[in-house]
Amino acid sequence: MDRPGLADFLRTRRERLQPGDVGLPAGPRRRTAGLRREEVAALATMSADYYTRLEQQRGPQPSEQMLAAIARALRMTLDERDHLFRLAGHNAPLRVRPSEHVAPALQRVFDRLEDTPALVLSDLAETLLQNRLATALLGDETRHTGLARSAYYRWFTDPADRRRYPEADHPRQSRLQAAGLRAALSAGASTARATEIVDRLLAVSPEFADVWGRHDVGKRFEDAKTLVHPELGPIDVDCQALFTEDQGQVLLVLTAAPGTEAAEKLQLLSVIGEQQFSA
C-alpha cells in the first residue's frame with residue numbers, strides 16, 4: 001500500500017469535483033477546493049473519519065469494496081479506478097498485455113488505410129506501424145531506440161516532438177502525456193519500462209515533475225487537433241482511436257474534413273510523400 005500516493009491521489013480527485021458534479025447543492029461559501037471530505041464519505045457510504053484518515057496517510061488498508069465505492073463517489077474513470085486499487089495494494093483487472101506484434105485485427109484495418117495518415121501505438125506510445133502518409137505528416141517515428149521509442153518520453157525531452165503542436169497547446173499536451181504514462185504504469189503490463197521512463201523524466205524534466213504531481217491518469221486521444229508540418233504549416237485533423245480489446249495497442253487514424261485547407265494539405269502530402277518541399 002502506497003500511503004502517500006493514495007492520499008495525494010484521493011485529494012487531487014476530490015478537489016477537481018464541484019458539488020454540482022455529484023448532485024449536491026453548493027451551499028454557503030466554501031473554503032475547500034472541490035468537495036469536502038465528509039461529502040465524499042457520504043457519497044461512498046463510509047464514515048468521514050475513515051475517509052479523512054486515508055487522505056492523512058494513517059488509515060488501514062481499504063478493502064476492494066471500499067475502493068470501488070470511493071471510485072464511484074469521486075466519479076473516477078476506469079483508468080483512475082485501476083490506479084486507485086494499485087495504490088491501495090490491491091490488484092486491478094489486467095487490461096493490457098505488452099507486445100511488439102501488431103494485433104491481427106488492427107493490422108487488417110491498417111492495411112486498408114492508404115489515403116489517410118494512420119499509425120499503431122503500444123501502451124507506452126511506441127510507434128509499431130505507420131503508413132506512408134503518417135510518415136510524411138509526422139516523420140519516421142519507428143526509428144527511435146531506447147526510452148526515446150516512447151512518445152511520452154520524447155515529449156518532455158525532444159524539442160522536435162513539441163514543434164508538431166502549436167505552442168499554445170503545449171501545456172495541455174504535457175498533461176495528456178503524463179496522464180497516458182500514468183495509465184500505462186497503473187495497468188501493470190509494462191511496469192518496468194514505464195517506471196524507468198518516469199524515473200528518468202523526474203530526474204531531467206521539472207515540467208514533467210510538475211504535471212506528474214497532478215496525478216492525472218487516463219488514455220485519451222483528442223477528437224480534433226492541430227498538427228504543425230514543417231513545410232505546410234498547421235493542419236487541422238480529426239483523430240479516431242481504435243483500441244484492441246485488452247487496451248494494449250491502439251490504431252490512430254487522422255482525417256480532415258472534405259473541402260477544407262487541411263484536406264488539400266493532406267492530399268498534397270499524399271502526392272509529395274516524404275520529399276522536402278524546400279528541395
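The values are calculated or read from the model by the stated rules, or taken from the named source; none is laboratory data. Source: prediction; values computed, not measured. Ideal geometry is used to build each Cβ from the backbone, glycine not excepted, and the neighbour counts take in all protein chains shown.
Key figures
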quantity: Selection within the range 188-201 - more than 16 Å from the chain's Cα centre (by Cα) and exposed (fewer than 14 other Cβ atoms within 10 Å of the Cβ); calculated: Ala192, Asp199
quantity: Residue in the range 268-278 that is hydrophobic (A, V, I, L, M, F, W, C), in contact with a helix residue (DSSP H, G or I) (Cβ under 8 Å, 6 or more places away or on another chain) and closer than 22 Å to Arg132 by Cα present; calculated: yes
quantity: Every pair of residues 6+ apart whose Cβ atoms lie under 7 Å, when the first sits in the range 263-279 and is at positive phi and at pLDDT below 90 while the second is part of a helix (DSSP H, G or I) and surrounded by 16 or more Cβ atoms within 10 Å (Cβ to Cβ); calculated: Gly273/Ala136
quantity: Any chance Thr127 is in contact with a helix residue (DSSP H, G or I) (Cβ under 7 Å, 6 or more places away or on another chain), among the hydroxyl-bearing types (Ser, Thr, Tyr) and modelled with pLDDT of 90 or more; calculated: yes
quantity: Qualifying residues in the range 244-262 (those that are under 26 Å from the mean Cα position of the chain (by Cα) and without any contact (Cβ under 8 Å) to a residue 24 or more places away in the chain) - the one nearest to Ser190 (Cα to Cα); calculated: Glu245
quantity: Evaluation of Val102 against (1) at pLDDT 90 or above; (2) part of a loop (DSSP other than H, G, I, E, B); (3) within 13 Å of Gln249 (Cβ to Cβ) (one fails), failing number; calculated: (1)
quantity: Filter result (of a type in the set (S, T, N, Q), touching a helix residue (DSSP H, G or I) at 6+ places or on another chain (Cβ under 9 Å) and not in a loop (DSSP other than H, G, I, E, B)) within the range 18-71; calculated: Thr52
quantity: Qualifying positions in the range 7-56 - of a type in the set (S, T, N, Q) and surrounded by 14 or more Cβ atoms within 10 Å (Cβ to Cβ); calculated: Thr12, Thr52
quantity: Residue match in the range 209-224 (condition: out of contact with any strand residue (DSSP E or B) (no Cβ under 8 Å at 6 or more places or on another chain), of a type in the set (Phe, Trp, Tyr), without any contact (Cβ under 8 Å) to a residue 40 or more places away in the chain and within 17 Å of Ala179 (Cα to Cα)); calculated: yes
quantity: Residue under evaluation Arg11, criteria (1) at pLDDT 90 or above; (2) more than 22 Å from the chain's Cα centre (by Cα), criterion not met; calculated: (2)
